[in-house]
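Data first, discussion second: the structure below is written as structure tokens.
The values are calculated or read from the model by the stated rules, or taken from the named source; none is laboratory data. Just so we're clear, the structure is a prediction, and the values are computed from it rather than from any experiment. Here Cβ is always computed from backbone atoms with ideal geometry, including for glycine, and neighbour counts include all displayed protein chains. Just the protein is used for accessible areas: all its heavy atoms, side chains included, with ligands, DNA and RNA removed. Shrake-Rupley method; radii C 1.70, N 1.55, O 1.52, S 1.80 Å.
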Amino acid sequence: MKRRKIKDILGQGKEQAEIVIMGWVRTRRDSKGGFSFLEISDGSCLKNLQVVADHNIDSFDSISEKLQTGSCVGITGKLVQSPGKGQSVELQAKSIEVYGEADPNQYPLQKKHHSFEFLREISHLRPRTNTFGAVMRVRNRLSYSIHKFFQDQGFVYLHTPIITTNDCEGAGEMFQVTTLKPDSIPVVDGKVDYTQDFFGEKTCLTVSGQLEGEVYALALSEIYTFGPTFRAENSNTSRHLSEFWMVEPEMAFYDLEDDMNLAEDFLHYLFKDVLEHCSEDLEFLNKQIDKTILERHRNITENEFERITYTDAINILEKLNKNFTYSVEWGCNLQSEHERYLSEEVFKKAVIIYDYPEEIKPFYMKVNGNGKTVRAMDVLLPKLGEIIGGSQREDDYGSLLKRMQSKKLNSEDYDWYLDLRRFGSAPHSGFGLGFERLVQFVTGMENIRDVIPFPRTPKHARF
Ligand code: 4AD
Ligand code: MG
């Protein structure tokens, strides 16, 4: 007989003569009347299915010892209306098979509550907790609706390479990819001879798919990437990962305003969709993790984003006379404390800051007429800070070349990128959304390490 999923069984709530379920025992409680009550989870939804096992069913005695928290079982039985509170139906077991035992003296997930720090040490078992099940189902829905948003508008999903020779953000925070042996690196004239390396030149893991995305936007008009990106920055914060997923749409014929409009529509869409399709998980997280999640979601979906220039943002922050850890003056990089203050305290909603100083932004952004600022924008959310960074791209060959030179980039390495401005250049824009930051905001999880299955952070890559 085909296995039924617990989500469907609870969703329908109908009695049935015989069904089969499979899953993991979350709890077992024995009653004096000769029954065991098992809570079974198969991860298809937050709720467990209650199974009532009469101790008189065939071979119960021989498996009773093995029916413990954490063990994996297949159960055939009759689905009946449940007299108990909290569930519509329950399963009266006819036969139980134990697929895998979990010794109660050794299985780590015995308690009802474990700290997230402890769970990070057992990232191979933490998906079996309610919180991680909920977070991963929400993550799954968000991935799906990201594709749906772009596909419905005719954007082409593009797979950009992971191994690359260019540093898109110019921050030098790249992981190198090499087959050279650390103890015998070929050196010529005091420099590493990369002609002997696998690709014949220095290669790294990508920090962003944007530059390759631009190539295809200037042929297919509207594309998006959604893939892993890597940053070797030594930031041990609750918002940084060394390996994270980024969504990067890139659009020909969009100026910065079109870009900001798309970013705002995109976030509105994602929040509405996840509220509709993950309500059970989100209500659970709202109760257990952060009681303001649902309210914060509503704040995003029901309000237009505030839009202010970087210069206005600096003026506001300077007038506050507040003792920030990092002081504020025109030209500085906004720190997360500043970004959060603007969205949390000043505007109390999502904020887009645009037109940043040229000096603090990468080479590819379009310079404004004043020569001082570039057509960049960041979307900031309360409690999180930056979730999206984007810009209109420099589409003029001469200006781009000048900017690359002033940032000390070797224009020969970017001949293909410059070619896009020599042959059929077009105004175009794009942005990057940090996917884990989105999942973090939606689920209310404090630490970004708890919204990705296997987090990679400085000094941590093993499970
Ligand atoms: O602002 P960033 O660096 O922008 C880019 O990479 C552009 N090439 C995007 C584009 O225009 N196509 O990164 C984009 C977003 C940030 O806003 C942030 O949400 C996220 O990626 N991000 C990180 N998320 C987790 N861990 C990190 N170390 C991150 N660095 C950036
Ligand atoms: Mg950024």
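Here Asp167 fits the description: surrounded by 12 or more Cβ atoms within 10 Å (Cβ to Cβ) and either within 16 Å of ligand 2 (Cβ to nearest atom) or on the phi > 0 side of the Ramachandran plot (or both). From the list Gly154, Gly77, the lone residue that is touching a residue at least 12 places away in the same chain (Cβ under 8 Å) and exposed (fewer than 14 other Cβ atoms within 10 Å of the Cβ) is Gly154.
Given the structure, is Thr457 more than 15 Å from Leu211 (Cα to Cα), crowded, with 16+ Cβ neighbours inside 10 Å and over 12 Å from the mean Cα position of the chain (by Cα)? So Thr457 passes the test. Of all residues in region 185-229, count the ones that are in a strand (DSSP E or B) and more than 27 Å from the chain's Cα centre (by Cα). Residues that pass the stated criteria total 4. All conditions but one from (1) of a type in the set (A, V, I, L, M, F, W, C); (2) within 16 Å of ligand 1 (Cβ to nearest atom); (3) surrounded by 14 or more Cβ atoms within 10 Å (Cβ to Cβ) apply to Leu180; the one that does not is (2). Here is a check on your reading of the model: is Leu142 part of a loop (DSSP other than H, G, I, E, B) and surrounded by 13 or more Cβ atoms within 10 Å (Cβ to Cβ)? In short, no. The criterion of at least 2 residues that are within 16 Å of ligand 2 (Cβ to nearest atom) is met by the following helices (runs of 4 or more DSSP H) wholly inside region 376-463: 435-443. For residues that are part of a loop (DSSP other than H, G, I, E, B) and away from ligand 2 (no atom under 13 Å from the Cβ), scanning just region 350-363, find the one that is farthest from Phe435 (Cα to Cα). Step by step, filter region 350-363, then rank; the result is Phe363.
Picking from residues in region 433-451 that are open to solvent by 10 Å² or more (accessible area, probe 1.4 Å) and near ligand 1 (Cβ under 8 Å from one of its atoms), the one that is nearest to Ser238 (Cα to Cα) is Arg437.
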